[in-house]
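As C-alpha cells, the structure follows; a few thoughts come after it.
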Amino acid sequence: MWDAEIRGMASAHAIIASSVFMATVMPAVLVEKFSVYGTHLVWLYSVAGSVAVVNIAVYWLLGIGPPTKKNTLSYKVSRLIRSCLYFLFSCLFFHTVVVLYGAPLLESAVETFSLAVLLSTLTTLRCLCILGPNVQAWIRVFSRDGAMSVWDTSLQITTGCSVVGAWLGAFPIPLDWDRPWQVWPISCTLGATIGFLTGLVAAPVWIHWHRKQLTYKIK
Amino acid sequence: MRVSSSVFASLCLVFEICGIALFLRGFFPVPIKSSFSTKNRLSDFPAEPLTGSAPNSTKIPSPLFKKVVIVLIDALREDFVFGPSGNRFMTYTRHVIERGSSHSFVAKARAPTVTMPRIKALTTGSIPGFIDVVMNLNSPALLEDNFIWQAKTAGKKIIFYGDDTWVRLFPKHFMEFDGTTSFFVSDYTEVDNNVTRHLDSTLKRDDWDILILHYLGLDHIGHISGPHSSLVGPKLLEMDDILKKIHASLIARETEGSLPNLLVLCGDHGMSETGSHGGSSEPEINTPLVLISPAFKRKAGWEKPGTLEQVDLAPTLALALGLPISQNSVGRLIPAVFEETSLRDQLRYFHLNGFQLSALLRDSTPDYHKEDGYEQFRVAEKSHGNWMKLYMEGNTSEVLLNMGKKVLKQYLEALKAMSSALSRQLGKYDMYSMIVGMIFIIQVLLLLLLAMPEALSGQARVDLPVASALLSLPFYLLCLLFSSVHVLVCTSAGGSCYFCSLPWALVFSAIVFSSALLCTLVVMATRRLPTASKSPVKTSGSDWALSELDALLLIGTVGHTLSLGASSFVEEEHQTWYFLLNTLCLAVFQDVCRKYFREKRSGNYGADDSPLLPSNKGKEESSSQETSLFSPVAELGVSAGSEKWLALATPLLTLACCRLLRSLNQTGVQWAHLPDLGHWLNSAEHKVVLSLLSVVALILIFILVQRHCSLVSKIALALGLLGVYSYRAAVGNVLFPWQHSGRAVSKGTVEARFVYIFVLGILFTGAKDLLRSLVASTDGRLKSRGLWEVYSGMVLLVALLFRAHNLPTLACCLFVQTIMAQFIWKKLHYDAAQTTIMHYWFGQAFFFFQGNSNNIATVDISVGFVGLESYVEAPAIFLTAFSTYAGPLLWACHLVCYLSSERDRGTVALGHGSYCLALLRSVPAVAYAVLVTALRYHLFIWSVFSPKLLYEAMHTLVTAAVCLFFTFMDHDRSSRP
C-alpha cells in the first residue's frame, strides 16, 4: 500500500537532488569565473536557495505539510513568521555548535555562518516543510522509534546523513595536502551536501527494503 | 588460573611495557659515542708511521690557514648558489666559484634538518641522532668534543655574530658575540642587519682568528613565503655583497710570508618547495659549501660541484687549523683542501683522520675487526710506514711518488668505508628486537581482546588457562622452536642486536613466557569460538550494539587509532580529540534530552510509548527511585526542580569549557603560530589579568576539591593553594596585591617547598585513611574519603606545577569532573565501561588542553626545577612526567575515586574500569608500534612519528601505574566479604 507513497517520495527526492546539481551548474553560466572552490559562498548560497525553493514547492504541491487546523490568513501568517524565526534560530544554533567544534570565533565568521545556513536549509527547512513549526512533533520524530509515516523516516535519514556528512567533512582539514577544498568551510559544506544527496537516495531505498518491518502507528 | 579483571589488566600492561621497552631499544639507534668522555688533545696524536725505526714525529702538521671566516646562511639551498637564482643574484660568489681560487661542493645534511642539530653536526662532525636530541633537552650547552672547543683550547680567538643558538651551545667560548633570536619569524631584515653592523669594525681589527656569522633572514623568508618568493632575490643580493666585502677585506690583509686566510660559505640545511624544513627531501638536505682561499688553485671555469657530507667540514677545518679532530666526528677530510701541500703532509693528514675514525669504530662496534674499512686502514697505515722509510732514506724517485699516491688512495678508500660504516650504524634499525617486542605486545593485546566477555562480565574475573597451556605439548615445541630461531638469528646477525646481547636466562624466560601466552591464546580462542557460533543473536543483540553513544565511543576509539597512520593526524592529534570530545558531549546532551523530555512527554503520549521502549522506561523508573537516594540536594544544595535544568546544561557547559580551553593553548604544527590566550596572558602588560584569573581559578579549585575531604585536609589544601599563589608571585608570574613593584624575582624555592609539605601531608592523610579502611573493616565511607584525599593532594601538586596561565585548565578540569559526575554519570546510569571510555577521552583532550603536543619541544622542562635549587635528576624527571601527563592522570584518578565511591555500582565496577583503561591504552600503543615499523623509512619518521612513539610509551607507563593503583583499591575491596 505504500508503493505509491514511496514512489512519490523517490520522485520528490529526485527533483530536490537535481536542484542541487542545477544550482552547481547554472551559476557557471550566469556568474563570471564561477567555481565551487573559488567562489565558494556563491555556490553555497545558490545550493541553499535552490534546495529551499524546491523543497517548499515540492512539499506544498504534494500537500505533505502538517495538518492545519485553522485556515485563516492570520494563522497562516503567524505560522510563516514562526517558521522564519525557527529557521533563524536553527542557523544560530548550528553556528554555535560549529564554533564549539573549534571554528574561529571572529575571523571567517561569514563562512561559518554560511555553513550554518546551508545545514539549516538541509535539515531544519525540511522539518519545517513536513512537520511545521511544531517542536513537539520534531522531538517525536527525532526520538527513537518516533516516526509515524514514510516522510518522517525519510526526514530522519536525510537529516542524519547531512549532519554526519558535515561531521565527516571536517576530518580532512588538518591534513597537510594543501588542496583547495581543505580551506574552511569548503570540506564541511561539500560533506554536508554529499551527505544530503546520499540521504535523498538512501531514504527511499531503505524504506523500500524495510517496508515489511516498518509499522507506523496511526495517530 | 582465575584472576580478577583489575589484576589481569595490570599484568597485561606491565608485560606490554616490557615489550614496548624492547621495541624502543630496537627502534632508536644508540648514538655513536666514544666511551671516553674526554676530548681529543694534541698530545694524544699518533706518531707518523714509520717501519723499522722508532716512531719519529708526533707533531701535527702546521696549520694551513691563518684566519677563518665562516659565513653560515640559514636555509641556504644548494640551487641558491649553484642554480639559476645563484647566477642571477649571487654574481660575485659565482664569479669566485667559477674563476677564483676556490672549491665548491654540495654538502648533504642529515635529517632532522633543523638548525640546532645541524650546528652540532657542523662543529662536532658527528650526526646527532633523534635520541640524542631528547637526551639533551635539559642541557643546552654542547658538552661533546667539538671544533669550537678545540679552537678555544688552542688559544684561538673566536668572534660570533648571529643566531643565539650558538651562544647557548657554546657558552664562554667566544671572545665577542652578539646573538640574535630567531623568535620573530616575520622579521627578515633587522635580524640580518644586527649581524652585519659589526662586520666593518671586526674586519678592520686583527685580534681574532675565527669569525663566525650566522644569518637567519633567508630562513625567515622561506618560512613566510617559500623559496620562490620575490624576497629571496634581494636577500641573496645582500648576502652576496657581504661575501664580497669579507673576501675583499681578507685579500687586502693577505701579506707575503704569512699563512693565507680562508672564507667558508655554507648553509645549515635547505628548504623545501613550501619553504619549511625538518624533513629529508632533496631540497632540504642539499646545501652549498664554498671554500675560498688564495691557497687554492684558480679555477678555469664552471665545474659541477662534487658531493660530500656536511660533517666533513669539521675534521677538515680542524686539521687545516692544526687542531685535533673532535672525538665523535664521522666526517672525512676534503681532499681538495689539502692537495697543494706536500705528499708527506697529505699522507699525515689522512693518517690522522683515519686514526680518529678507527678509534671511534673500535669504541662503538664490538666486532670492528670484521669491518672492511678497519682492515683497509691497517693496510694503508703499513704501506704508509714503508713509504716513510723510503722517504726518510732520501729516495726521491718517480717510484716513491707513485707509491705515495697509491697509499693516499688506500687511505681515501679506508676513510670512506669507515665513515659509511659509522653512519650506517646510526640509520640501522635493530629489526630483531623490534619484532620480538612487537610480537610480545600483539600477544598481550589479543589476550586482552579475547578476555573481554569475561572481564566485563558480572563477576569481573578472567579465567586464564595457564596450567593447561603449560602442560601441553605445543608449549614445549614452541619453546624449542623459538629458542632455535633465536640462536639462528643471533648467530647470523652478529653483535649489533640488543635482544641477542641479553643474558641467556632472561631471553629464555621471555621465550617461555611468549610461548605460554601463545598457547593460552589458542586455548581461549577455541573456548570462545563455539559459544560465539551458538548464540550469535545473543551477542549482537545485547545492549552493546544499540545505543548511539556506544557506537560513537567505539567508532571514536577505532577511528583515532587508524588516524595515527597519517603524519598530519599525528601532528594535529589534539584536533581529533577535541572533535571527538565535542561529539561525545553532544551525544550525552541528546541522551539527557531524551531522558528528561521523554519523562515530560510520557504524560502526553504515555500509553503509546511505554511498550515500545521497555529498556528506557525501566531505566527511568529506577532512576526516579534513586533520585531520592543520590540526589545532589544533599551534596550540592540543588533543588530537585532545577536539577533537570542543571543536567541539561552540563554538556553545554562542558562544551563551552572545552572551547575556552582550546583557545588557551594553541598546539600542534599547522596552527601553532596563531596567537592564543596563553600568550596574551603571559605578556607583561596583562599581568594583572593573569593574577586575577589565577586567584579565581585557585578559589574555584578549592571549592571543587574540598567537598570530599576531612577538615584537616581542607585547611591544608587552602594553605597549600595560598602557597601556590605566593610561589607564582615569587617567581614573578603574578602580582601580589600589596606589592606592586620593586620585588626581586627569586626561584621561589621556599614557597614551593612549603606547598610540597602540604601535598605530602594530604597524601599521607589519605593513605592513612586507606590503610585504616584496609585493616578495620569499616564501611566504604572511610576508604572513599581516603581516595578523595589522595586525589586532592594530586590536584594541589598539579596546581603548583602548572604555569599560571594553565591554572584555569585545572579549574575547568575539576569543574567538568564535578558536574559530569553529579548530573551525567550518576543520573544517566552509564556503566563502568562507558564511564571509563569517557574519562579516557577527557584525559586525552586535557593532555592537549594544557599545551602539550606530539612534539618533544612542548615538554615543559622548567617544571623539574620547581622547589629545587639545582638540577637533581630523579625528582626533575618525576615532576616533568607528572605535570606533562597531569590531564590523563587526574582523569584516571577521578575515575578510581568516582567508581569506588559509588556504592550502587557494586564491586565489579573497579575491575571493569581498569580493564577498559588497559584495553584503551593498549589498542593505540600496539597499533602505533606496528604502524611505525611499517613506516620506518617514511620521510617524517624522525620528526613526527618517533616523538609520538615516545609519548605513547610514556603514556602506557603512566596508565600502568594507574592500573596498579586500581588493582590495589580493587584488591582490598574484594578481599573483604
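For B:Arg362, indicate whether it is touching a residue at least 60 places away in the same chain (Cβ under 8 Å) and of a type in the set (Lys, Arg).
no
For segment B:186-226, what are the residues that are in contact (Cβ under 8 Å) with a residue 60 or more places away in the chain and either in a loop (DSSP other than H, G, I, E, B) or surrounded by fewer than 18 Cβ atoms within 10 Å (Cβ to Cβ) (or both)?
Those that are in contact (Cβ under 8 Å) with a residue 60 or more places away in the chain and either in a loop (DSSP other than H, G, I, E, B) or surrounded by fewer than 18 Cβ atoms within 10 Å (Cβ to Cβ) (or both): B:Trp208, B:Asp209, B:Leu216.
Going by the structure shown, is B:Ala510 surrounded by 14 or more Cβ atoms within 10 Å (Cβ to Cβ), of a type in the set (A, V, I, L, M) and over 33 Å from the mean Cα position of the chain (by Cα)?
Taking the combined requirement at face value, the residue does not satisfy it.
Which condition number does A:Ser108 fail, the rest of (1) over 23 Å from A:Gly160 (Cβ atoms); (2) away from every other protein chain (no Cβ under 14 Å) being met?
(2)
Going through segment B:568-583 one residue at a time, which ones are hydrophobic (A, V, I, L, M, F, W, C) and more than 22 Å from the chain's Cα centre (by Cα)?
Correct list: B:Phe579, B:Leu580, B:Leu581.
Report, by residue number, each residue of segment A:66-120 that is of a type in the set (Ser, Thr, Tyr) and surrounded by 14 or more Cβ atoms within 10 Å (Cβ to Cβ).
A:Ser83, A:Tyr86, A:Ser90, A:Thr96, A:Tyr101, A:Ser108, A:Thr112, A:Ser114, A:Ser120
Determine, yes or no, whether B:Glu309 is at pLDDT 85 or above, under 26 Å from B:Ala75 (Cβ atoms) and not hydrophobic (A, V, I, L, M, F, W, C).
Criteria met by B:Glu309.
Kindly check whether there is at least one residue in segment B:403-412 that is surrounded by 17 or more Cβ atoms within 10 Å (Cβ to Cβ), outside any helix (DSSP H, G or I) and out of contact with any Leu (no Cβ under 6 Å at 6 or more places or on another chain).
No: segment B:403-412 contains no residue that is surrounded by 17 or more Cβ atoms within 10 Å (Cβ to Cβ), outside any helix (DSSP H, G or I) and out of contact with any Leu (no Cβ under 6 Å at 6 or more places or on another chain).
Return the only residue of B:Gly720, B:Gly678, B:Gly732 being on the phi > 0 side of the Ramachandran plot and among the small types (Gly, Ala, Ser).
Of the residues listed, the single one that is on the phi > 0 side of the Ramachandran plot and among the small types (Gly, Ala, Ser) is B:Gly732.
Just the residues that are more than 14 Å from chain B (Cβ to nearest Cβ) and either acidic (Asp, Glu) or under 24 Å from A:Leu168 (Cα atoms) (or both), please, taken from segment A:120-154.
Answer for segment A:120-154, where residues must be more than 14 Å from chain B (Cβ to nearest Cβ) and either acidic (Asp, Glu) or under 24 Å from A:Leu168 (Cα atoms) (or both): A:Ser120, A:Thr121, A:Leu122, A:Thr123, A:Thr124, A:Leu125, A:Arg126, A:Cys127, A:Asp152, A:Thr153, A:Ser154.
Can we say A:Leu190 is within 30 Å of B:Glu273 (Cβ to Cβ), modelled with pLDDT of 90 or more, away from chain B (no Cβ under 14 Å) and under 14 Å from the mean Cα position of the chain (by Cα)?
yes
Wholly within segment B:547-656, which helices (runs of 4 or more DSSP H) include no fewer than the required count, namely at least 3 residues that are at the interface with chain A (Cβ under 10 Å from one of its Cβ atoms) and modelled with pLDDT under 90?
B:567-571, B:573-612
Could you tell me how many of the residues in segment B:92-136 are over 16 Å from B:Glu303 (Cα atoms) and either out of contact with any His (no Cβ under 6 Å at 6 or more places or on another chain) or modelled with pLDDT of 90 or more (or both)?
Count: 27.
Among the residues of segment A:155-185, write down those that are buried (at least 20 other Cβ atoms within 10 Å of the Cβ), within 11 Å of another protein chain (Cβ to nearest Cβ) and either within 19 Å of the chain's Cα centre (by Cα) or touching a residue at least 60 places away in the same chain (Cβ under 8 Å) (or both).
Listed by number, the list holds a single entry, A:Val163.
Considering B:Ser364, B:Ser383, B:Ser397, which residue is at pLDDT below 85, touching a Lys or Arg at 6+ places or on another chain (Cβ under 8 Å) and of a type in the set (S, T, N, Q)?
Exactly one residue qualifies, and that residue is B:Ser364.
Regarding segment B:675-684, can at least one residue be identified that is at pLDDT below 85, in contact with a Phe, Trp or Tyr (Cβ under 8 Å, 6 or more places away or on another chain) and either more than 23 Å from B:Leu581 (Cα to Cα) or within 14 Å of another protein chain (Cβ to nearest Cβ) (or both)?
No, segment B:675-684 contains no residue that is at pLDDT below 85, in contact with a Phe, Trp or Tyr (Cβ under 8 Å, 6 or more places away or on another chain) and either more than 23 Å from B:Leu581 (Cα to Cα) or within 14 Å of another protein chain (Cβ to nearest Cβ) (or both).
Looking only at segment B:806-865, count every residue that is part of a loop (DSSP other than H, G, I, E, B) and closer than 28 Å to B:Tyr596 by Cβ and tell me the total.
Residues that pass the stated criteria total 6.
Looking at segment B:846-905, which of its residues are touching a residue at least 24 places away in the same chain (Cβ under 8 Å) and of a type in the set (Ser, Thr, Tyr)?
Result: B:Ser853, B:Thr858, B:Tyr871, B:Ser883, B:Thr884, B:Tyr885, B:Tyr898, B:Ser900, B:Ser901.
Residues of segment B:250-277 being of a type outside the set (A, V, I, L, M), in a helix (DSSP H, G or I) and surrounded by 17 or more Cβ atoms within 10 Å (Cβ to Cβ), which ones?
Within segment B:250-277, none qualify.
The values are calculated or read from the model by the stated rules, or taken from the named source; none is laboratory data. Keep in mind that this is a model prediction, so the values were computed, not measured. A quick note on method: Cβ atoms are made from the backbone with ideal geometry, for glycine too, and the neighbour counts reach across all protein chains shown.
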